[in-house]
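Engineer: Got a structure for you, written out below as structure tokens; questions coming shortly.
The values are calculated or read from the model by the stated rules, or taken from the named source; none is laboratory data. Not measured: the values here are computed from a predicted model. So basically every Cβ, Gly included, is an ideal-geometry build from the backbone, and we count neighbours across all protein chains shown.
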């Protein structure tokens, strides 16, 4: 039930908002993705080698993503089904914490314009659940954001806010703050259209309550993660993508770790 919150919130915003205000843009896409952890990441989480977090294993996932912009602000959301063809025999079964277990990750964001300025009231909720162990982690951020658009194809949206977390093993409470951004740059090479995008999040002043990761190591008070991607717009509403996924003292791993993601999207 925990994962339903951002899914329901995002769906409600995307469906209801066009009826309330003038819409400037909107998009939705469905993609299939394969995440390939680097050898370094796998070694650092291998219990027989680094053991600095839960073991990492390559996986594929299906993602439904959408967003829209209105005269009052914008919304965005996604739902990822990781290892969608796999299942387990029940919570806390022998398959608990299996690296190939079925997982759901979902996120919803909003930015509400503050007057006629480029500043916004910002909020997002991220939820992750793992079926075999019953593990869940929810992160809520409330703060401010800023919109920067240029005439040459670059856009940049930084944010800063307080961070409230609820986790199955650590409990719930305020967990410092979070700062980050999303940015993109659209360009052409000949007749071909490309985009470069980057999302990034830095957690800071973390509470000791949330710094354990089930090993002898502890997460630092500061941790960050994100992805840098290049996208190629193909015919027939398709987009091919290549992403570099990175994290440091995040995702349950008390070390730097990274992966490559290969993506193919269909744009509705």
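Engineer: Can you work out which of the residues in the range 175-192 that are loosely packed, with under 14 Cβ neighbours inside 10 Å and in contact (Cβ under 8 Å) with a residue 24 or more places away in the chain is farthest from residue 123 (Cα to Cα)?
Structural biologist: Here is the first cut: in the range 175-192, the residues loosely packed, with under 14 Cβ neighbours inside 10 Å are 187-192.
Of the ones still in play, those that are also in contact (Cβ under 8 Å) with a residue 24 or more places away in the chain are 187, 192.
Details: 187: 30, 192: 35 Å.
Only one residue fits best here, namely 192.
Engineer: Conditions first: (1) more than 20 Å from residue 123 (Cα to Cα); (2) touching a strand residue (DSSP E or B) at 6+ places or on another chain (Cβ under 8 Å). Residue 208 passes all but one, so which condition is the exception?
Structural biologist: Going through (1) more than 20 Å from residue 123 (Cα to Cα); (2) touching a strand residue (DSSP E or B) at 6+ places or on another chain (Cβ under 8 Å) one by one, residue 208 breaks only (2).
Engineer: Return the total of residues in the range 140-162 being within 21 Å of residue 183 (Cβ to Cβ) and part of a strand (DSSP E or B).
Structural biologist: Counting residues in the range 140-162 that are within 21 Å of residue 183 (Cβ to Cβ) and part of a strand (DSSP E or B) gives 15.
Engineer: State all residues of the range 199-217 that are part of a loop (DSSP other than H, G, I, E, B), at pLDDT 95 or above and loosely packed, with under 14 Cβ neighbours inside 10 Å; if no residue qualifies, say none.
Structural biologist: Going residue by residue through the range 199-217, those that are part of a loop (DSSP other than H, G, I, E, B) are 205-207, 211, 213-217.
Okay, now just the ones that are also at pLDDT 95 or above, so 205-207, 211.
The answer is 205, and nothing else.
Engineer: Being more than 19 Å from residue 160 (Cα to Cα) and surrounded by 17 or more Cβ atoms within 10 Å (Cβ to Cβ) is the filter here; which residues of the range 218-247 pass it? If you could, list the steps in order and put the result at the bottom.
Structural biologist: At the first step, the residues of the range 218-247 found to be more than 19 Å from residue 160 (Cα to Cα) are 218-220, 228-246.
Passing the criteria: 219, 229, 231, 239, 241, 243, 245, 246.
Engineer: Do you know which residues across the range 128-164 are farther than 19 Å from residue 199 by Cβ and either in contact (Cβ under 8 Å) with a residue 24 or more places away in the chain or surrounded by 17 or more Cβ atoms within 10 Å (Cβ to Cβ) (or both)? Walk me through it before giving the result.
Structural biologist: Step one: list which residues in the range 128-164 are farther than 19 Å from residue 199 by Cβ, which gives 129-136, 151-152, 162, 164.
Hits for the range 128-164 are 129, 130, 131, 132, 133, 134, 135, 136, 164.
Engineer: Kindly check whether there is at least one residue in the range 36-43 that is in contact (Cβ under 8 Å) with a residue 40 or more places away in the chain, closer than 28 Å to residue 177 by Cβ and not in a loop (DSSP other than H, G, I, E, B). Steps first, answer last, please.
Structural biologist: First pass over the range 36-43, keeping only residues in contact (Cβ under 8 Å) with a residue 40 or more places away in the chain: 36-38, 40-41.
If we keep only those that are closer than 28 Å to residue 177 by Cβ too, we end up with 41.
Applying the additional criterion that residues be not in a loop (DSSP other than H, G, I, E, B) yields 41.
Checked against the condition, which is being in contact (Cβ under 8 Å) with a residue 40 or more places away in the chain, closer than 28 Å to residue 177 by Cβ and not in a loop (DSSP other than H, G, I, E, B), the range 36-43 yields at least one hit.
Engineer: Just to check your reading of the model, which residue among 172, 195 is touching a strand residue (DSSP E or B) at 6+ places or on another chain (Cβ under 8 Å), farther than 29 Å from residue 49 by Cβ, assigned to a strand (DSSP E or B) and without any contact (Cβ under 8 Å) to a residue 24 or more places away in the chain? Break it down stepwise before answering.
Structural biologist: Values: 195 fails: without any contact (Cβ under 8 Å) to a residue 24 or more places away in the chain.
When all the criteria are applied, what remains is 172.
Engineer: Also: Answer yes if at least one residue in the range 142-163 is in contact with a strand residue (DSSP E or B) (Cβ under 9 Å, 6 or more places away or on another chain) and closer than 19 Å to residue 253 by Cα, and no otherwise. Show your work before the answer.
Structural biologist: Step one: of the range 142-163, the residues in contact with a strand residue (DSSP E or B) (Cβ under 9 Å, 6 or more places away or on another chain) are 142-150, 152-163.
The next check asks that each one be closer than 19 Å to residue 253 by Cα; those that pass are none.
No, the range 142-163 contains no residue that is in contact with a strand residue (DSSP E or B) (Cβ under 9 Å, 6 or more places away or on another chain) and closer than 19 Å to residue 253 by Cα.
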